[in-house]
Amino acid sequence: YNLAEEAPFDFPIAPKSIGVEWTTTAFEYDGAPHKPSATATGLVGDDSLTLNVTGEQTNAGSYTATVAAFEQGNYKLESASTKTFTIKKADLTVTPASLEIRERETEVMQAFAEGEDLVEAFAGRIIVSGVSGTVTYTVTIAGEDNYDDDGLLTVGAHTFTIDAGSNYNAASVSVTVIATPVVTVIASVEGELVYNGSAFEISYAL
């Protein structure tokens, strides 16, 4: 037999199905956006393929990242691949610069009595660091047992809670209120003082 003419025909080469491997699914809040990284598995030879991961987040919490299904060149991902990832809260660093209060320090004690923001009352006494950017934090003391009838802190140790919002773990620090002793002055003289043109000595005792 002789082949009279060419006999061409079409034949398909289907894209190869691949898998997804996820890495780095736990982060700590630092003010920057995070998402897991994903690599393609099942590639042929030295082929490389960049996967598009969506679901980037910044704040602390639990989230889902996704690589959408696709068909691209020699490869395809038949169904979307998802992965749960977490951004955990960061720890605060609380430095007690001066955490002793005299019970008669009016500007501090009055702030507690009037329910004002204790950050103002403790300016210079506590230093909160380890935060990213500008963070407003609050200082609170829980429990009515910490206060006397006038709403002032009682003498003794109190636990203060420092809260910088949902991206940080709350921190606590012990603050001590120290009693201010009341000094009584007693003056005494020996015998009756009669003017004689000279100075007299008067004894004082605390």
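Scalar couplings 3J(HN,Hα) for region 183-198, obtained by applying the Karplus form with A = 6.51, B = -1.76, C = 1.60 to θ = phi - 60°, are 9, 9, 9, 10, 9, 9, 10, 9, x, 8, 8, 10, 3, 9, x, 10 Hz; x denotes Gly and Pro. Taking amide H as placed 1.01 Å from N in the peptide plane, the amide H of Lys16 sits under 5 Å from that of Tyr75, Lys76, each at least 5 places away or on another chain. Counting charges near Asn169 (Lys, Arg +1; Asp, Glu -1) among other residues having Cβ under 12 Å from its Cβ returns a value of -1. Note on region 24-84: the C-alpha convex hull projects to 4.7 nm² when averaged across all orientations. Taking θ as phi - 60° and the Karplus parameters 6.51, -1.76 and 1.60, the scalar couplings of region 5-16 work out to 7, 4, 10, x, 8, 8, 9, x, 10, 6, x, 7 Hz in sequence order, x denoting glycine and proline. Residues whose amide H lies under 5 Å from that of Ile101, counting only those 5 or more places away or on a different chain, are Thr176, Val177, Ile178; hydrogens are built 1.01 Å from N in the peptide plane.
Taking amide H as placed 1.01 Å from N in the peptide plane, the amide H of Asp91 sits under 5 Å from that of Asn169, each at least 5 places away or on another chain. Please identify every one of the GluC sites (Glu not before Pro) in region 135-206 that sits in a loop by DSSP and has no more than 13 other beta carbons within 10 Å of its own beta carbon. Passing sites in region 135-206 are Glu190, Glu192, Glu201.
Setting aside same-chain residues fewer than 8 positions from Lys16, which lysines have a Cα under 17 Å from its Cα? Partners within reach: Lys76. Within the same chain, lysines fewer than 8 places from Lys88 are excluded, and of the rest, those with a Cα less than 20 Å from its Cα are Lys35. If you look at the Cα atoms of region 164-206, you get an Rg and a Dmax of 26.8, 79 Å.
The numbers here are math on the coordinates, done by the rules we state, and not lab data. Just so it is clear, the model here is predicted, and its values are computed rather than measured. All Cβ positions, even for glycine, are placed from backbone atoms using ideal geometry, and neighbour counts span all protein chains on display.
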